[in-house]
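Trainee: Here's a structure for you.
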Amino acid sequence: MANSIHRSVLLGCRLLLLGLTAALTACGSDGTEGAAPAASAVLEVRSLTVPLADEAAAKGSRVSYATGDTYLPEGTEIGVTLKNEQQTEHDYAACFNLLFTAAGSATSQTWSHSGGVAVTDETAQLSAYWPYDKDADPYALTVDAAKGVDCLYAPFGYWTSGNDPLNYLHPVVHLSMSHALSVIIINFKNNAYTSSVGAGKLDHILVSSNAYATHATLNTTAGTYSAFTGQHEVELEAEQVTIPQAGTAEAAIDTFMIVPTGKSAAMTFKITLDGKVYTVTTPATVFQKGYVYTYHLRYDDRELKLDDNGVTIAQWNYATMPPIPDMWNHWHVDPHGGYNGH
């Protein structure tokens, strides 16, 4: 995957603005693409945003906000699906997981599908997701948070100005995408782990909780998950990483993405330093999609504990999602079971 695409999502999306145009070809009622009927118009998605405030009420004063613009790189691909509002196959049967590709940049960027798309007198609803997979089923998309790549989605809706029915009379769409994942950052504050205790070599991190998973199935057309599996585990493979020196500022020792399950559950951190396992258990949490959770761990009195700051929660944006830590170069990634050192 191109570094520009990967990094743009790992760093978070504060606001994405896109333009999409399509040639006038209909998704025919017989399930094939053909000439557009007389009552038809070009489908245009003129903007695409990632909202920052849709879950603010649930998080209260702990939520931080940020503004600003960023754009997906030229050549980025998204998947678009349309359906008849009456949930029949008439007119939009072939409009399933259509590939739209970005050309240009910033506000001049446009998106197109080879063969084009038209909306007719039959009212449609539209859904989209990123990153695109030609073999994917938007109704049952496999999500692997262990890959460290976000997933964006927009459920079925009109997405028109004023929420007018999406048809040939109202063919312009303003799409709003949401993050499907959450982010966890583990910060380490070293108050007393000196050479008399050990070298401070970080060997292993295991994080477990029923509040999240690393793998799941996402219905991108509704924004709902099912079939949760996996936990987060990293083990040093080639080189060892040391924790921050005693008395220095806290620093991130791990950053990873998760699938929120919607369950309220405690988090258990098992961190191995110089061969000794330290366990920290947090209060119960219900993770929300599109948020970054920073857990502040503190070592003092020969004990690792949750700092007084506990956990800070912020909406996912450039300021809250840091670059990939250098230590990630030393982790072994297992695509089937998250991060481990097998």
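Trainee: Mind listing the phi-derived Karplus ³J(HN,Hα) values for region 196-202, rounded to whole Hz, using 6.51, -1.76 and 1.60 with θ = phi - 60°, and x for any glycine or proline?
Mentor: Here the 3J(HN,Hα) series is 5, 8, x, 6, x, 8, 7 Hz.
Trainee: Give the ranking of 80, 277 by solvent-accessible surface, highest area first, calculated with a 1.4 Å probe. Please report the intermediate quantities before stating the final value.
Mentor: Numbers: 80 5, 277 85 Å².
Highest to lowest solvent-accessible surface, that is 277, 80.
Trainee: Quick one: which residues, 5+ away or cross-chain, put their amide H under 5 Å from the amide H of residue 242? H built at 1.01 Å from N.
Mentor: Amide H neighbours of residue 242, under 5 Å, 5+ apart: 202.
Trainee: Which links in 147/289; 134/263; 134/270; 83/147 stretch past 28 Å when you go from one Cα to the other?
Mentor: Working: 147/289 17 Å; 134/263 32 Å; 134/270 39 Å; 83/147 30 Å.
Checking Cα-Cα distances, 134/263; 134/270; 83/147 exceed 28 Å.
Trainee: Enumerate the amide H contacts of residue 252 below 5 Å, restricted to partners 5 or more residues apart or on another chain; note that Pro and chain-start residues carry no placed amide H.
Mentor: So residue 252 has HN proximity to 188.
The values are calculated or read from the model by the stated rules, or taken from the named source; none is laboratory data. None of these values were measured; they are calculated from a predicted model. To get the accessible areas, we keep the full protein, side chains included, count just its heavy atoms, and leave off ligands, DNA and RNA. Shrake-Rupley method; radii C 1.70, N 1.55, O 1.52, S 1.80 Å.
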